[in-house]
Amino acid sequence: MDEASRQKQFLKLYVAAEPSLHQFLQILVHDPHLFDDICQAVALRLWEKFDTFDASRSVPFRSWARGVAAKVVQEWRRSERHAAAFLSPEAIAAIVDGFDRSLLGSRDLGEYLEVLEKCLSALPDHSRRLLEQRYAEELPFEEIARRTGRQLQATYKFLQRLVHQLGECIEARTSDQELLNQGRTNG
Amino acid sequence: MADDNEELLQHYLHGPLSADDLAQVSALAADRNFVDRLVRTVITHDFMRRRAAARRGLACSRQIHESFDSLVRLRADHSQGIGRRLVARPVLWGAAAAIVVASTLAVWLNSRGEHPAETARLASHVLPAATGIARFSRSVNVEWEAHARRWAVGDRLREADRLDLAAGCAELQFDSGALMTIVGPAALELRSMSAVELLSGTATTRVENAESGEFRVFTHSTDVIDRGTEFGVRVLPDGKTDVVVFEGEVELKPAQARGTEGYTARRLSIGEAVSTSGAGDWHRLVAVQSDAFPFGDAMFQYRRTRPPVIVGISDDRRSASSPKFYRIYHEGLSEDARAFVDRCYEWNGITADGIAGFLRNADYIATFNDDKTFDSPLISVELAVPATLYIFYDDRMVAPDWLVGDFEDTGFDIGIDELNTGVGPGVTVDQTCSIWRRRIEQAGGVQLGRIGPQKGPQPLPGAPSMRAMYGIAAQPL
C-alpha cells in the first residue's frame, strides 16, 4: 500500500472512531488544557503505531485505538507533575474494559444519533425540553433550575437520570436491532 | 446505587471533577456496575452534545467532502505551525501534522453530521416564500368562518396567511420549532416563522428549539416575547389580553410601547398570569381553568362525566408583585397529574396500587409551592355542589389547628414526585402527604388556613424549606 493510500485508510478509520475515543478520554482526563494536548498526542501515537494494527484481526480499530490511548494517558500520568489529575492505572484499565463491554461504542455515530432521536421522542415533553435547554440552548444549570422551579441539586439529579435513561434506551434499541440483523443473517 | 456515586456521575455532566472526585472514581472503578453506568452516562452526554452541534451547524455534504479531500492532500508545508509542541521526530513531521489536523477535523466532521430534518429546516429558512413557514399539523372539530380559507392537515402556510376558526382546535407547527394550539373562535395571522398576530381567541405555544430564536405573539394590546417556554395568550372581546406562563419565562410589552426605546419589558415566570389592556396596566389572573389553554394532545378533550365541583378560588395575596395563578383541573386528578403551577412536580400513588380510589378523577387545584411559608395565603375555594373536600398535607410539617379541627385524616397518603422522571404510581416518589377530608354539605365558599411549621428543628434563615404547599381536591357527594 502506498503512503497516500495508507494515510487515507488511517484517516477514514480515525474519523469513524473519533467519537468513541473522545468519549473515552473525557472519562480519563479532566484538565481541559491537558485534554487537547492528550487528544493530539493520541492521534499522533495512533498514526505512529498504525503499522501494527491488523485490520484482518477481530479487534476493531476503535478498540485498538482505546488501548493505545490508554497507554498514552498512563505515560502522561507518570510524566506530569500533577498525577492527581488522572484516574489510577487500575481505574483506567477498568474503563477500557467498560468501553469494550458497552453497546454504545461499537457502531458509527450516525446510527446512534438516529436511535437517540427515537429515544428522545419517547420522553415526556418536559423531560425533552429540559434536555434541549441544557444541550441545545446550553443554558447554565442555575438558569434551568430557575425556569423549571427546581432546586439546583434536583436539576443535576434529574438531568443525570434522564441522560442515563436515554443511554439505556439507546442500548436496548441498538441491541434489538443487533438481534434483528443476526436473525436476518441466520435466516 | 448510593447517592454519593450518583453525585459523581452528575459531576461528569457539569464538571469539572475535583481531585477528590477523581480519587473516588478510581476507588469505585473496581465496581463493574459503576463503570458501566459511568461509561453509559458519558457516552450519552457526548451524543447529546454532538446532536446539538449538528443541529446548530448548517452542514453541507459537499463542504465536508471537499474538506476531507483537502485534508488527505495535506502536506507538512501547509501546516508546520500545528502540533509543533507535540511532534518529537522530524521524520514524522509531514504525516504527523496532517494527523494532528485530522484529530481536530474529525471532531468537526462528527459534530456536524448532516441530518435530513436539519436540511429541510435550512431549506425553509432560505426559501420561505416557496415552501411556507408553518404546517397545519392537526385539528379537532374545526369549523371555519364563512369567508375563511379552509385549511387541511398537511397544508403549508406562508407569511400573511390567516386562520379564522369559528370553533374547534387547530395546531400549527412552525419551521422555527414552535408548536401552537389555537382554540376557536379565533383569528390568527402569520407574520413569520417565529411571529404571529393573535386577533382574537386563544393560542398556547411551546417553543421546542429555542436556539432558533425568540417566538413572538402580538395582540392588539400586548407583545408577548417567548424566552423558551410554554405559554398561553387569550384575546378577549373587549381587547384585553391574558397571558399565562406554564413553563419558563416570557417578556411582555404594551403595544403602546412599540417602537419606543428604553421601555423595560415586564417578565412573567412559570406559574404567573396577568391580564392587561395594553396601557401598561397588569392585573393578576387568580384562577385559570385547565380547559382554557389546551396544548398538544389536550386538544382532544374527552367528554366530562359530570359538572365541575370546584368553580373558583381566591386568596388574600397581594397581586401586584407576584401574579401567581391557581389552575383548576376538572376531573383531572390521576397519576402524574401536575401538582403545582410553579414546579413540575407530580401527584402519584405512594405504591404501585396508585392514588386512593376515592380521589381518582377528582377536581383539583394546582397551588403554588412557593407558598410553603409561614405566611402562606388564606385560600377560599368555591364549590358548585355539596362535596368532600380533600387536603394533601406534607407529612414533614405540623398539622395546623384549622386542619385538625375541621378535617379528618383519612389514613391514606399521596406522593409527590419532585423529579418526575418516573411514570405511574410508586415510581420515584419523593415526598409523602397525608390525605385529609371534610364533608361540605352546601355549595359555596370554604375558607382554608395557613400551613404549619416544619416538624423538628426549624431551618436557619435563608436555608431551603423542606416542605411543600398543600394540595386541594374535591369530589361531589
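Residue by residue, here is whether (1) more than 9 Å from chain B (Cβ to nearest Cβ); (2) more than 17 Å from the chain's Cα centre (by Cα); (3) over 17 Å from residue B:39 (Cβ atoms) holds:
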site: A:51; (1), (2), (3): yes, yes, yes
site: A:64; (1), (2), (3): yes, no, yes
site: A:90; (1), (2), (3): no, yes, no
site: A:107; (1), (2), (3): yes, no, no
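Would you pick out the residues in region A:92-105 that are of a type in the set (A, V, I, L, M, F, W, C), more than 7 Å from chain B (Cβ to nearest Cβ) and part of a helix (DSSP H, G or I)?
A:92, A:93, A:96
Taking region B:31-59, which residues are among the aliphatic types (A, V, I, L, M) and more than 7 Å from chain A (Cβ to nearest Cβ)?
B:53, B:54, B:58, B:59
Being in a helix (DSSP H, G or I), of a type outside the set (A, V, I, L, M, F, W, C) and at the interface with another protein chain (Cβ under 9 Å from one of its Cβ atoms) is the filter; apply it to region A:13-35 and report the residue that is farthest from residue B:9 (Cα to Cα).
Of everything passing the filter in region A:13-35, A:14 is farthest from residue B:9 (Cα to Cα).
Is it the case that residue A:127 is of a type in the set (S, T, N, Q), in a loop (DSSP other than H, G, I, E, B) and free of Cβ contacts under 8 Å to residues at least 60 places away in the same chain?
So residue A:127 fails the test.
Quick one: in region A:120-136, which of the residues that are facing chain B (nearest Cβ under 9 Å) and farther than 21 Å from residue B:246 by Cα is farthest from the chain's Cα centre (by Cα)?
A:120
Do you know which residues across region B:195-206 are over 12 Å from residue B:224 (Cβ atoms) and either β-branched (Val, Ile, Thr) or surrounded by fewer than 19 Cβ atoms within 10 Å (Cβ to Cβ) (or both)?
B:199, B:200, B:202
Does residue A:57 satisfy the criteria of being among the basic types (Lys, Arg), in contact (Cβ under 8 Å) with a residue 24 or more places away in the chain and more than 30 Å from residue B:206 (Cβ to Cβ)?
So residue A:57 does not fit the description; no.
Of all residues being facing chain B (nearest Cβ under 9 Å) and assigned to a helix (DSSP H, G or I) in region A:137-154, which is surrounded by the most Cβ atoms within 10 Å (Cβ to Cβ)? Just the residue, please.
A:147
Any read-out appearing in this document is the output of simple, stated calculations on the displayed coordinates, not a laboratory observation. Values in this document were obtained by computation on a predicted structure and should not be read as measured data. All Cβ positions, glycine included, derive from the backbone under ideal geometry; neighbour counts span all protein chains shown.
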